[in-house]
Structure formats: structure tokens, C-alpha cells
Amino acid sequence: MSLKLAALAVFGLCAGGIIAAGVFAFLAIIGVFPRLIKKTGTKGHILLYETMIILGGSLGNALDLFEYPLPFINTWLLAVFGISVGIFVGCLVMSLAETLKTLPVMNRRIHMSVGIQYVILAIGLGKMLGSLFYFSAGMGK
């Protein structure tokens, strides 16, 4: 029985590593990391970026896998984390939109010459309000 569990653990960790590598490769291919590095003007810290990406992915996977409680987490830390994740997801969505060239197609289809930033803002606010409603109504438990 223990050999079977050990084999399942090895296969599970290998599968998780492959998925994580695929996600990081996807993010690198669509240009999220290079675009953020260019916007912040921190080209000299690429090794630090690589280290933090690997550590963040590894620690996130380990905490999720082992469900280790973090006693120092309070409301403010969760708020900062949520805002940071939201900014990153926004950057990811915009990178995907630029990669797929969706915004110019959407502009041509709905004949919008100005105001696309308001459409993007409305989509983001709608997602934020929907998630706030979802979690405040206790649906996420």
C-alpha cells in the first residue's frame, strides 16, 4: 500500500510541476514579464525577477498542497495581496488582448473610435463587483 501511495505522490508532484511549468511558459510567451519589466524600468534585476517567480510558484504550490496555516495573515495583508493579484491578472488580460489583437477588432466591430478605456474599465469594475457580491453573499464558502 505504501508503494502505491509513494507512486501516486511522485506522479502527482510531476504532473503539478508540468502544469506549473506550462503556466509560466505561457506567461513568458505572451510577454507579461518582459512588458512589466519594460514598464517599470528594472532591466537590471532580471535574475531577481526569475528567482521571485520560481519561489512564488513553488511556495504557492506547497502552501496549497499541504494546507499550511499562515498565522501572520491579517486583513491588511490579504487586501494588499488581493490588489496585487488583481493588478497582475489585469496585466495578464491586457497582454492576452494585445497578443490576440482583440481590441482593434472590437473597435472595428462596434465602431468605437474613442472610449475603449471606459469599456475596459467597465469590464473590470463589473468583474470586481460580481466577485464582491459573490463572496459577501457567502457563496464562496
Query raised in the report: Quick one: in the stretch 36-93, what % of C-alpha pairs are over 14 Å apart?
Result: 72 percent
Report task. Determine the principal axes of the Cα atoms in the chain, then give the extent along each, sorted from largest to smallest and rounded to whole angstroms. Result -> 65, 41, 30
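Please report, in whole Å³, the volume per residue of the convex hull around the C-alpha atoms of the stretch 1-56. Could the numbers behind the result be given before it?
Details: hull volume 3.8 nm³, N = 56.
Hull volume over Cα atoms, normalised by residue count, gives 68 Å³.
If you take the beta carbon distance between VAL23 and LEU132 as r and set R0 to 41 Å, what does 1/(1 + (r/R0)^6) give as a FRET efficiency, to the nearest 0.05? If you can, show how the numbers build up before the last one.
Details: r = 26 Å, r/R0 = 0.64.
Here the calculated transfer efficiency is 0.95.
Count the lysine pairs in the chain whose Cα atoms sit under 29 Å apart, keeping only pairs 8 or more residues apart in sequence or on different chains. Write out the running numbers ahead of the final one.
Details: LYS38/LYS101; LYS38/LYS127; LYS39/LYS101; LYS39/LYS127; LYS43/LYS101; LYS101/LYS127; LYS127/LYS141.
Total qualifying Lys-Lys pairs in the chain comes to 7.
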Query raised in the report: What FRET efficiency would be calculated for the residue pair GLU50, LEU70, taking the C-beta separation as r and a Förster radius of 22 Å, to the nearest 0.05?
Result: 0.35
Report summary line: Karplus-derived 3J(HN,Hα) from phi for the stretch 73-83 (6.51 cos²θ - 1.76 cosθ + 1.60, θ = phi - 60°), whole Hz, x at Gly and Pro, runs 7, 10, 5, 5, 5, 5, 5, 5, 4, x, 5
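Read-outs throughout are calculated quantities, based only on the coordinates presented, and are distinct from any laboratory measurement. Given the structure is predicted, the values throughout are model-derived calculations rather than measurements. Here Cβ is always computed from backbone atoms with ideal geometry, including for glycine, and neighbour counts include all displayed protein chains.
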